[in-house]
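I have placed the structure first, in the form of structure tokens, so that the comments after it can refer back to it.
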Amino acid sequence: MQYYKILYIFILGSIFTMACQSGKSNDAEDTEVENLYEEVMYIHDDVMPKISLIQELQGKIKARQEQGEPDTTMQTAYKDALLALNTAEQAMWDWMHAFSDNYGKATTKEEKMAFLHEEKITITDVRDKMLNSISQAEELLTQ
Amino acid sequence: MRTTDLLVFLAFLTLFLNACASDSNEKLPILGEMILENGDTIFPKIPDFEFINQDSQRVTNETFQGKWYIADFFFTSCPTICPKVKKQMLRIYERFEGEERLKILSHSIDTRRDSVPVLKKYAEKIGIESQRWHLVTGPKDDIFGIAPAYLSIAKEDENAPGGFDHSGYIILVDPDRHIRAYCDGTDEVKVSEFMHTLERALKE
């Protein structure tokens, strides 16, 4: 009888310990996902405010287009700069819409991590497009 | 001697209480860069606007005639700043339930995706009524065009990030279309202080 009591306690103890360990590993997994999420959002938050600057530059470039002579090298440059700004702005909006639509679909840790890794690559590309288009437009406007 | 001390104490206490009372009764300043016009000091006003809200109703300056309102700029798929601001604005919405003189006007800067049905769904999700809290959309140029009228005041704040139309600032406008206060809508403590400011404003 004493033997069965000891065995019973041992089994309960093992189950309890395994449950705790499982809980701990869940916390670690959540932290890993959370950290990667924060990395993605950091890139987004850093560059999203520049949407208003892109808007402003689009307006200035359009004004220059209207003021300048048609069929010139400058007009081609204005057109390219505007396209770059528009493309960059659209890329940011498209990224945010897709992220909002798809983030909740990942359920397992592996799915979430894979999704976030992809999104980090994409948002980094969006960031670069935005910064490059801004730089291109600002340089053009100094001419 | 004891009576004299008591009288002196009461006199100072009265002065002190009056000073505090006069502080809370003081009107909020009008914010923005003033200009002199024909000898008069003119403060910037929110210009005329016309947008559509989540119930497909036209929303203009007339909608807020005789009212104070809080304005901000957001979009429904915003992953970070906007949810924080909306959470804080819901505190304001709930705190001032029944206060007919205070309304809320949130402009969506995602004019491509935040259509009226999308705004309606979002309003239902956060549990707000359109008569108290208007979520509006309109032509992109109109939305981005009016943003500086509200948010340039925050641009003067050295702590405001660049790209002020996505900064999370919330702005208080009076019945004369003047800006009277603003705060960082992502900051719970600052919003609590802002609510005290709203109470002061509604006493004017």
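Some observations on this one:
- Per residue, in Å², the accessible surface of chain B once ligands and nucleic acids are set aside, probe 1.4 Å: 54
- Distances between placed amide hydrogens fall under 5 Å for B:Phe49 paired with B:Asn61, all partners being 5 or more residues away or on another chain.
- Solvent-accessible area lost in complex, 50 Å² minimum, residues of segment B:86-120 relative to chain alone, 1.4 Å: B:Arg112, B:Arg113
- Heavy-atom surface analysis with a 1.4 Å probe gives segment A:32-143 a carbon and sulfur content of 49 percent of its accessible area.
- With θ taken as phi - 60° and the Karplus curve 6.51 cos²θ - 1.76 cosθ + 1.60 applied, the whole-hertz 3J(HN,Hα) list for segment A:122-136 is 5, 5, 5, 5, 4, 4, 5, 4, 5, 5, 5, 5, 5, 4, 4 Hz, x standing for glycine and proline.
- What the Cβ-Cβ distance of A:Lys79 and B:Asp142 gives, at R0 = 25 Å and to the nearest 0.05, is a FRET efficiency of 0.50.
- Shown here for segment B:68-107: GluC sites (Glu not before Pro) in loop regions (DSSP other than H, G, I, E, B) with at most 10 other Cβ atoms within 10 Å, namely B:Glu97, B:Glu100.
- Candidates A:Lys129, A:Lys105, A:Lys120, ranked by Gaussian network fluctuation over chain A, Cα under 10 Å, top entry: A:Lys105
- Charge dipole (the protein assembly as shown, unit charges on Cβ, about Cα centre) - positive-most of B:Gln131, B:Ile171, B:Pro83: B:Gln131
- HN-Hα J in Hz across segment B:30-38 - Karplus 6.51, -1.76, 1.60, θ = phi - 60°, x for Gly and Pro: 8, 9, x, 7, 7, 10, 9, 9, 6
- Taking the C-alpha atoms only, the angle from helix B:81-95 to the longest principal axis of chain B is near 50 degrees.
- In this calculation the C-beta distance from B:Leu6 to B:Glu26 is compared with R0 = 25 Å, giving a FRET efficiency of 0.25.
- Selection of trypsin sites (Lys or Arg not before Pro), segment B:28-109, meeting DSSP coil and at most 15 other Cβ within 10 Å: B:Lys67, B:Arg101
- Accessible area that becomes buried as B packs against A, both chains, 1.4 Å probe, Å², nearest 100: 1400
- Solvent-accessible area assigned to carbon and sulfur over chain B amounts to 53 percent, based on a 1.4 Å probe.
- Put simply, the amide H of B:Tyr182, placed in the peptide plane, has neighbours under 5 Å in B:Leu172, leaving out anything fewer than 5 places away on its chain.
- For segment B:90-147, a/c is not less than 1.5, where a ≥ b ≥ c are the root eigenvalues of the C-alpha gyration tensor, and a/b does not top b/c. That puts it in the oblate class.
- Relative contact order computed over chain A (Cα-Cα under 8 Å; 6+ residues apart), in percent: 36
- Other protein chain C-beta atoms within 10 Å of residue C-beta, averaged over A:90-100: 3.
- Using the Karplus relation 6.51 cos²θ - 1.76 cosθ + 1.60 with θ = phi - 60°, the per-residue 3J(HN,Hα) values for segment B:188-199 come to 4, 5, 5, 5, 4, 5, 4, 5, 5, 4, 5, 4 Hz, with x marking Gly and Pro.
The values are calculated or read from the model by the stated rules, or taken from the named source; none is laboratory data. Model, not experiment: these values are computed from the prediction. Virtual Cβ from ideal backbone geometry, glycine too; neighbours counted across all protein chains shown. To get the accessible areas, we keep the full protein, side chains included, count just its heavy atoms, and leave off ligands, DNA and RNA. Shrake-Rupley method; radii C 1.70, N 1.55, O 1.52, S 1.80 Å.
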